[in-house]
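Participant: This is the structure I have questions about; it appears just below.
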Amino acid sequence: MEFENTIGLETHVQLKTNTKMFCGCLLKTGCEPNTNVCPVCLGYPGALPMMNKEAVKLTVMSGLMLGCEINRHATFDRKNYFYPDMAKDYQISENGQPLCIGGGVTIDTPAGKKFIRINHIHLEEDAAKINHYAAHSGVDFNRGGTPLMEIVSEPDMASADEAIAYLTALKEMLVYAGVSDCNLEDGNMRSDVNISIRPAGATALGTKVEIKNMNSFSGIHAALEYEAKRQRYNVAHNIPIIQETRRWDSDALETASMRSKENAHDYRYFPEPDLVPVELSEEQIEEWKGLLPELPEARRNRMMADYGLTEYDAEVLAQARERADFFEAAAKTSKNAKLLCNFFMSDVMAWFNAEHEEEPQTDAEAAARLSALFNLSLDGKINGPTLKELLPEVLEGEIADPAKTVEEHGLGAVNDTAQLEEFIRQAIAANPKSVADFKAGKKAAAGFFVGQVMKLSKGKADPKVVAPMVNKILSALA
Amino acid sequence: MGNDVKIDVAYVAELARLELTDEEKALFQKQMEGIVDWVAKIKEVDVEGVPPTMHGHEEVNAFREDEVRPSMERELALANAPARTGDEFKLPKIVEGAES
């Protein structure tokens with residue numbers, strides 16, 4: 001029998017705030033253990049939480065980007081559990097009235113576009129970090145109380161590839177909007193993965209298995225592929241699939257059952273009495289909406305329309321927000337944005353990608369300089385080699401006014417036809433052997449004369465202009 | 001919450017990691033049922049159209065700006081730890097990833 005997978009993800013994303021969710025402790029990775037702690041995040045009795053407005057804002061912005069409905073009245077609850085990573089024995093979360101409801105992400109699959117629905121996004125606090133040693137364990141509360149946004153998908157994914165496409169799309173959007181760094185190594189983005197199988201075409205869901213706390217895309221992919229196979233094997237051999245939590249063992253490359261305590265998931269949620277509800281006005285939501293950047297897909301389409309870019313160029317640019325901003329700033333004053341884009345995609349991007357001692361400049365002035373330089377080339381005032389030669393200094397800011405530099409250093413292109421013809425005749429007179437080669441049919445000899453003219457013009461002639469002139473004059477001699 | 005609220009002290013004690021004797025369980029069961037019954041009097045009031053209330057006041061949006069405030073001295077934070085390991089709160093050896 002053919003089986004299909006049903007996959008849903010719960011993705012925890014660390015929000016990019018300066019401080020913790022409910023206290024003013026610094027949020028930073030790599031600090032000495034237990035240095036960013038206070039009575040609130042250590043769970044002292046009587047300490048009261050105060051909500052970080054920035055965390056609410058970033059969650060709402062995420063919801064707006066993902067097409068969620070924003071809950072005008074959101075409340076917080078206590079999720080009770082006993083484990084040493086949570087000193088007060090409950091996690092503050094949103095159970096009944098989360099900030100964002102619905103929405104979704106469109107992914108590309110081999111069969112075309114597919115919409116993965118989101119059930120809701122809620123805001124909560126992270127647990128502390130437990131470190132494991134040979135004979136004991138230790139708790140570091142620096143991470144405790146970090147604002148986490150949990151994005152809960154519907155079980156709409158059918159393969160490991162689709163799950164990764166969904167996560168990649170989420171990550172791109174959240175990083176783009178500056179909501180999170182989504183740095184997987186630092187645990188900024190961790191997912192609990194749910195997977196079940198059912199006969200192809202069936203509507204009822206199979207028994208699901210959860211794999212918790214996965215922080216690498218490759219691990220998630222491998223774990224899902226493994227579970228999909230294991231569950232099919234079980235069904236084929238009449239071994240029951242148990243609803244349980246399993247752990248991915250990245251060394252053994254298999255999932256293993258985690259015999260968690262019975263009743264461990266009865267969290268006895270109840271309303272958090274120490275926090276008042278969040279009520280969002282239309283004005284507040286509109287204000288936060290205004291802070292959202294144009295998303296890559298919309299930007300790609302707009303840049304294709306505005307500048308006549310190819311889909312490929314627009315796509316590449318739109319994915320790199322700062323590059324796209326820089327290009328658009330330069331394009332504003334460019335005499336030909338399409339040609340500027342070609343130059344940008346090759347030479348400017350190469351410059352960005354190369355190593356630099358100083359951070360590349362991408363401000364409005366740098367964009368204006370780039371545009372001014374390229375306009376000189378468009379006007380035929382400098383040739384291609386000069387354009388490339390001046391580019392690094394223009395981007396670094398050493399050349400403030402490209403037109404002035406070209407003028408002062410006599411770098412302007414030689415476009416005077418009479419002057420160029422004179423150079424060609426000089427070259428011919430000085431190199432009779434190459435002329436003979438050309439007459440004997442060696443067409444490559446023409447290239448030699450172009451080189452000679454470039455030399456005579458001190459690099460200021462345009463090879464594209466010179467080549468046809470050389471050919472014409474040499475052919476006339478033959 | 002229209003249904004009768006039932007309480008199972010033995011189960012709640014297990015969730016709360018409380019060790020109770022059988023006598024205690026029986027005593028607390030009776031006492032807790034008394035409390036639940038008493039609170040259930042609220043059901044006699046017609047609350048049709050009244051939204052659920054979590055607080056005794058109507059304040060909303062008690063926000064804090066995202067500004068860093070000084071944390072505690074680490075030694076002070078660790079002073080209450082029954083045991084410490086290096087600069088961390090010491091625990092018995094626990095199985096990695098068993099919860100959370």
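Participant: Does residue A:137 meet the test of being touching a residue at least 12 places away in the same chain (Cβ under 8 Å), outside any helix (DSSP H, G or I) and within 14 Å of chain B (Cβ to nearest Cβ)?
Facilitator: Against the criterion (touching a residue at least 12 places away in the same chain (Cβ under 8 Å), outside any helix (DSSP H, G or I) and within 14 Å of chain B (Cβ to nearest Cβ)), residue A:137 qualifies.
Participant: I'd like to check something: does segment A:233-253 contain any residue that is touching a residue at least 60 places away in the same chain (Cβ under 8 Å) and surrounded by fewer than 19 Cβ atoms within 10 Å (Cβ to Cβ)?
Facilitator: Scanning segment A:233-253 turns up at least one residue that is touching a residue at least 60 places away in the same chain (Cβ under 8 Å) and surrounded by fewer than 19 Cβ atoms within 10 Å (Cβ to Cβ).
Participant: Quick check, is residue A:184 within 20 Å of the chain's Cα centre (by Cα) and under 30 Å from residue A:42 (Cα atoms)?
Facilitator: yes
Participant: Contact list please: Cβ distance under 8 Å, first residue in segment B:63-78 and at the interface with another protein chain (Cβ under 7 Å from one of its Cβ atoms), second residue among the hydrophobic types (A, V, I, L, M, F, W, C) and part of a strand (DSSP E or B), pairs at least six apart or on different chains.
Facilitator: Filtered contacts from segment B:63-78: B:63/A:51; B:64/A:51; B:68/A:26; B:71/A:26; B:78/B:89.
Participant: Go through the residues of segment A:57-73 one by one and say whether even a single one is closer than 28 Å to residue A:138 by Cα, of a type in the set (D, E, K, R) and buried (at least 16 other Cβ atoms within 10 Å of the Cβ).
Facilitator: No, there is no match, as no residue in segment A:57-73 is closer than 28 Å to residue A:138 by Cα, of a type in the set (D, E, K, R) and buried (at least 16 other Cβ atoms within 10 Å of the Cβ).
Conditions (1) at pLDDT below 90; (2) closer than 27 Å to residue A:179 by Cα; (3) surrounded by fewer than 17 Cβ atoms within 10 Å (Cβ to Cβ); (4) of a type in the set (Gly, Ala, Ser), marked per residue:
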{"residue": "A:323", "(1), (2), (3), (4)": "yes, yes, no, no"}
{"residue": "A:370", "(1), (2), (3), (4)": "no, no, no, no"}
{"residue": "A:388", "(1), (2), (3), (4)": "yes, no, yes, no"}
{"residue": "A:395", "(1), (2), (3), (4)": "yes, no, no, no"}
{"residue": "A:404", "(1), (2), (3), (4)": "yes, no, yes, no"}
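Table: residues versus (1) within 30 Å of residue B:85 (Cβ to Cβ); (2) in contact with a strand residue (DSSP E or B) (Cβ under 7 Å, 6 or more places away or on another chain); (3) among the acidic types (Asp, Glu).
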| residue | (1), (2), (3) |
| --- | --- |
| A:102 | no, yes, no |
| A:113 | no, yes, no |
| A:117 | no, yes, no |
| A:134 | yes, no, no |
| A:138 | yes, yes, no |
| A:171 | no, yes, no |
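Participant: Could you count how many residues in segment A:53-84 are at the interface with chain B (Cβ under 10 Å from one of its Cβ atoms), in contact (Cβ under 8 Å) with a residue 24 or more places away in the chain and farther than 18 Å from residue A:97 by Cα?
Facilitator: The number of residues fulfilling the criteria is 4.
Participant: If a residue has to be in contact with a Gly (Cβ under 9 Å, 6 or more places away or on another chain) and within 15 Å of residue A:265 (Cβ to Cβ) to count, how many in segment A:197-210 make the cut?
Facilitator: 1
Participant: Follow-up question, since we're still on this one. Do any residues in segment B:34-57 that are free of Cβ contacts under 8 Å to residues at least 12 places away in the same chain and within 20 Å of residue A:96 (Cα to Cα) have Cβ atoms under 7 Å from those of residues that are part of a loop (DSSP other than H, G, I, E, B) and among the polar types (S, T, N, Q), where the two are at least six apart or on different chains, and which pairs are they?
Facilitator: B:54/A:75
Participant: For segment A:326-356, how many residues meet the condition of being part of a loop (DSSP other than H, G, I, E, B) and out of contact with any helix residue (DSSP H, G or I) (no Cβ under 7 Å at 6 or more places or on another chain)?
Facilitator: Counting residues in segment A:326-356 that are part of a loop (DSSP other than H, G, I, E, B) and out of contact with any helix residue (DSSP H, G or I) (no Cβ under 7 Å at 6 or more places or on another chain) gives 4.
Participant: Continuing with this model, one more query. Among (1) more than 14 Å from chain B (Cβ to nearest Cβ); (2) at pLDDT below 90; (3) surrounded by 13 or more Cβ atoms within 10 Å (Cβ to Cβ), there is one condition residue A:311 misses while meeting the rest; what is its number?
Facilitator: (3)
Participant: Identify all residues within segment B:30-74 that are outside any loop (DSSP other than H, G, I, E, B) and within 22 Å of the chain's Cα centre (by Cα); write none if there are none.
Facilitator: B:30, B:31, B:32, B:33, B:34, B:35, B:36, B:37, B:38, B:39, B:40, listed by residue number.
The values are calculated or read from the model by the stated rules, or taken from the named source; none is laboratory data. None of these values were measured; they are calculated from a predicted model. No Cβ is skipped: glycine too gets one built from the backbone with ideal geometry, and neighbour counts run over all protein chains shown.
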